[in-house]
Amino acid sequence: MSARAGDQVLVGATEVQVDWPEGWDAAVAERAQRLAADAKVSGPPLRPTPPPVTAVLLLHQRMGRKEDLDAFARRVTEAGMMAVRWDAPNHGARLIDESANSHWLQGNLANATDMYAQMTST
(Lines give C-alpha, C1' and ligand atoms only; values in the text may rest on other atoms or scores of the structure.)
Protein backbone atom coordinates (compact mmCIF):
# COMPACT_ATOMS: atom_id res chain seq x y z
CA MET A 1 0.00 0.00 0.00
CA SER A 2 1.37 3.41 -0.85
CA ALA A 3 0.30 6.62 0.86
CA ARG A 4 -0.82 9.71 -1.01
CA ALA A 5 -0.37 13.30 0.13
CA GLY A 6 -2.72 14.13 2.98
CA ASP A 7 -3.32 10.49 3.92
CA GLN A 8 -3.62 9.38 7.51
CA VAL A 9 -1.31 6.38 7.90
CA LEU A 10 -0.56 4.17 10.88
CA VAL A 11 3.01 3.91 12.11
CA GLY A 12 2.83 1.29 14.83
CA ALA A 13 -0.27 2.34 16.75
CA THR A 14 0.15 6.06 15.99
CA GLU A 15 -1.85 7.81 13.28
CA VAL A 16 0.51 10.03 11.28
CA GLN A 17 -0.41 12.79 8.81
CA VAL A 18 1.81 12.73 5.71
CA ASP A 19 1.96 15.62 3.23
CA TRP A 20 4.42 16.02 0.38
CA PRO A 21 5.06 18.46 -2.42
CA GLU A 22 2.55 18.72 -5.23
CA GLY A 23 3.65 16.70 -8.25
CA TRP A 24 5.74 14.25 -6.22
CA ASP A 25 3.74 11.24 -7.54
CA ALA A 26 4.16 12.53 -11.09
CA ALA A 27 7.91 12.84 -10.54
CA VAL A 28 8.10 9.17 -9.49
CA ALA A 29 6.14 8.06 -12.58
CA GLU A 30 8.30 10.21 -14.86
CA ARG A 31 11.47 8.76 -13.37
CA ALA A 32 10.16 5.21 -13.95
CA GLN A 33 9.52 6.02 -17.62
CA ARG A 34 13.05 7.47 -18.01
CA LEU A 35 14.64 4.45 -16.33
CA ALA A 36 12.74 2.05 -18.58
CA ALA A 37 13.62 4.04 -21.71
CA ASP A 38 17.30 4.39 -20.77
CA ALA A 39 17.63 0.69 -20.00
CA LYS A 40 15.51 -0.31 -23.00
CA VAL A 41 13.66 -2.63 -20.68
CA SER A 42 11.25 -5.15 -22.11
CA GLY A 43 8.71 -6.83 -19.92
CA PRO A 44 7.33 -5.47 -16.64
CA PRO A 45 8.42 -1.92 -15.75
CA LEU A 46 11.13 -1.37 -13.17
CA ARG A 47 10.07 -0.21 -9.72
CA PRO A 48 11.51 3.32 -9.64
CA THR A 49 13.50 4.78 -6.80
CA PRO A 50 11.60 7.82 -5.53
CA PRO A 51 13.38 11.13 -5.99
CA PRO A 52 15.14 12.44 -2.87
CA VAL A 53 12.79 14.33 -0.57
CA THR A 54 13.56 16.21 2.62
CA ALA A 55 11.16 15.20 5.40
CA VAL A 56 10.31 17.68 8.15
CA LEU A 57 8.93 16.16 11.36
CA LEU A 58 6.42 18.48 13.02
CA LEU A 59 5.34 17.99 16.63
CA HIS A 60 2.72 20.31 18.14
CA GLN A 61 3.07 22.19 21.41
CA ARG A 62 1.79 20.97 24.77
CA MET A 63 -2.03 20.77 24.83
CA GLY A 64 -2.02 20.92 21.01
CA ARG A 65 -2.83 18.51 18.20
CA LYS A 66 -1.43 17.72 14.76
CA GLU A 67 -4.11 19.82 13.02
CA ASP A 68 -2.63 22.91 14.69
CA LEU A 69 0.26 22.53 12.24
CA ASP A 70 -1.83 22.52 9.02
CA ALA A 71 -0.70 25.96 7.83
CA PHE A 72 2.95 25.28 8.63
CA ALA A 73 2.80 21.86 6.91
CA ARG A 74 1.34 23.54 3.82
CA ARG A 75 4.28 26.00 3.73
CA VAL A 76 6.74 23.12 4.13
CA THR A 77 5.23 21.23 1.18
CA GLU A 78 5.09 24.40 -0.94
CA ALA A 79 8.85 24.67 -0.35
CA GLY A 80 9.28 21.18 -1.84
CA MET A 81 9.64 19.16 1.36
CA MET A 82 7.55 16.38 2.94
CA ALA A 83 5.74 17.25 6.20
CA VAL A 84 5.05 14.49 8.74
CA ARG A 85 2.99 15.27 11.85
CA TRP A 86 1.24 13.29 14.55
CA ASP A 87 -0.52 13.72 17.88
CA ALA A 88 1.68 13.31 20.94
CA PRO A 89 0.49 10.77 23.52
CA ASN A 90 -2.67 11.94 25.30
CA HIS A 91 -3.22 14.80 22.79
CA GLY A 92 -5.60 15.29 19.85
CA ALA A 93 -6.99 11.98 18.57
CA ARG A 94 -4.85 10.16 21.16
CA LEU A 95 -6.45 11.98 24.15
CA ILE A 96 -7.31 9.61 26.98
CA ASP A 97 -7.30 11.77 30.12
CA GLU A 98 -7.29 15.57 29.74
CA SER A 99 -6.46 16.05 33.43
CA ALA A 100 -3.11 14.31 32.83
CA ASN A 101 -2.09 17.34 30.76
CA SER A 102 -2.71 19.72 33.69
CA HIS A 103 0.00 21.26 35.85
CA TRP A 104 0.60 19.82 39.32
CA LEU A 105 -0.78 23.04 40.88
CA GLN A 106 -4.05 22.25 39.07
CA GLY A 107 -4.31 18.90 40.83
CA ASN A 108 -2.23 16.64 38.60
CA LEU A 109 0.08 15.09 41.18
CA ALA A 110 1.66 12.92 38.47
CA ASN A 111 2.62 15.94 36.30
CA ALA A 112 6.35 15.20 36.23
CA THR A 113 5.71 11.55 35.36
CA ASP A 114 3.19 12.53 32.65
CA MET A 115 5.62 15.04 31.08
CA TYR A 116 8.43 12.49 31.14
CA ALA A 117 6.18 9.83 29.58
CA GLN A 118 5.13 12.22 26.81
CA MET A 119 8.74 13.00 25.88
CA THR A 120 9.96 9.41 25.98
CA SER A 121 6.97 7.78 24.24
CA THR A 122 6.58 10.22 21.33
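The values are calculated or read from the model by the stated rules, or taken from the named source; none is laboratory data. The structure presented is a predicted model; accordingly, all values stated were derived computationally and were not measured. Accessible surface is based on the protein model in full, side chains and every heavy atom, while ligands, DNA and RNA are left aside. Shrake-Rupley method; radii C 1.70, N 1.55, O 1.52, S 1.80 Å.
Key figures
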item	result
Residue 74 accessible area, assembled protein chains, probe 1.4 Å, Å²	130
Potential lengthening between residue 72 and residue 102 on full extension [0.36 nm per residue; Cα-Cα distance subtracted]	8.2 nm
Karplus (6.51, -1.76, 1.60) ³J(HN,Hα), θ = phi - 60°, over segment 62-75, in Hz, Gly and Pro reported as x	4, 6, x, 8, 4, 5, 5, 9, 3, 5, 5, 4, 4, 5
